[in-house]
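The values are calculated or read from the model by the stated rules, or taken from the named source; none is laboratory data. A quick note: this is a predicted structure, and the numbers were derived from the prediction, not measured. Note: ideal-geometry Cβ built from the backbone for every residue, glycine included; neighbour counts use all protein chains shown. Quick note on the areas: whole protein, heavy atoms, side chains included, nothing else; ligands and nucleic acids left out. Shrake-Rupley method; radii C 1.70, N 1.55, O 1.52, S 1.80 Å.
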Amino acid sequence: EGLLIRGGAVLEAAQKATCVVFDKTGTLTLGSLAVTASYTPAPLPEATLAFLRGLFPSTVALQPSALAHLLAATAEQGSEHPVAKAIVQTLPKRPHAPPLPTCDDFKVFPGQGVSCNIGGRAVRVGKASWLNFQGKCMAAVELDGSVIGCFNVHDEVRPGAPAVVADLQARGVQVYICTGDESEAAARVANECGIKSHNVFTGVMPDEKGEVVANLQREGEQVVFVG
């Protein structure tokens, strides 16, 4: 149901597949991401806190992590990425507060994150590795070159995904994950789905996924990519 197949050649190729490569988000997982925790990696300087409080006036006292979350959401307002949507949808409560400010010079870096100017300051939000941040988190927000906030984001595995993987493996088909996410998030999904750790490709940019498939094909594999 809901499956469109163009031509019998596709079915014939699928029957001959020796390996299946799954994109992760929205394929093996539900794609409904949620921020489970936001925090500051270190105490924020008073000048940074003053800038953030000026940007985000509130009738209630906001923790530094909440202020960093608001900055990230301001930058991510124009992004369609699932992690960006999760950050925006889980905004800290600010009763009777004005809307989020606008950002200037908004740029998207596929598979990495976004950059913009907010209140005359340079802001980037994206993967920790892109921001050269060593902490373990799915995403982080940077102000003028310093990471001020981190986000843990969770995406539930589809209820039927482990059974599909097990069925493929029982047929002798190798199963892989190919994702742009960091290794920790990918490892969790692989573990829940029963996929071997050495069959997980992480940090793969959208325009690099074709090369992952091509490399497997050069090794003699008949590859089906799902995503």
**Message:** Looking only at the range 159-203, filter to residues that are open to solvent by 60 Å² or more (accessible area, probe 1.4 Å) and of a type in the set (D, E, K, R); which one of those is nearest to GLN112 (Cα to Cα)?
**Reply:** GLU184
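Within the range 204-222, identify whether any single residue is among the small types (Gly, Ala, Ser) and surrounded by 16 or more Cβ atoms within 10 Å (Cβ to Cβ), and answer yes or no.
no
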**Of all residues in the range 18-37 being open to solvent by less than 40 Å² (accessible area, probe 1.4 Å) and of a type outside the set (A, V, I, L, M), the one that is farthest from MET205 (Cα to Cα)** = CYS19
**Message:** Any residue in the range 27-50 that is under 15 Å from SER65 (Cβ atoms) and in contact (Cβ under 8 Å) with a residue 40 or more places away in the chain sitting within a Cβ distance under 7 Å of a residue that is assigned to a helix (DSSP H, G or I) and of a type in the set (Val, Ile, Thr)? List the pairs, counting only those 6 or more apart or interchain.
**Reply:** VAL35/ILE87
**Message:** Quick check on the range 86-102: of everything there that is part of a helix (DSSP H, G or I) and surrounded by 16 or more Cβ atoms within 10 Å (Cβ to Cβ), which residue is farthest from the chain's Cα centre (by Cα)?
**Reply:** VAL88
**Request:** Taking ALA14 as meeting all but one of (1) at pLDDT below 90; (2) outside any loop (DSSP other than H, G, I, E, B); (3) touching a His at 6+ places or on another chain (Cβ under 9 Å), write down the number of the exception.
**Result:** (3)
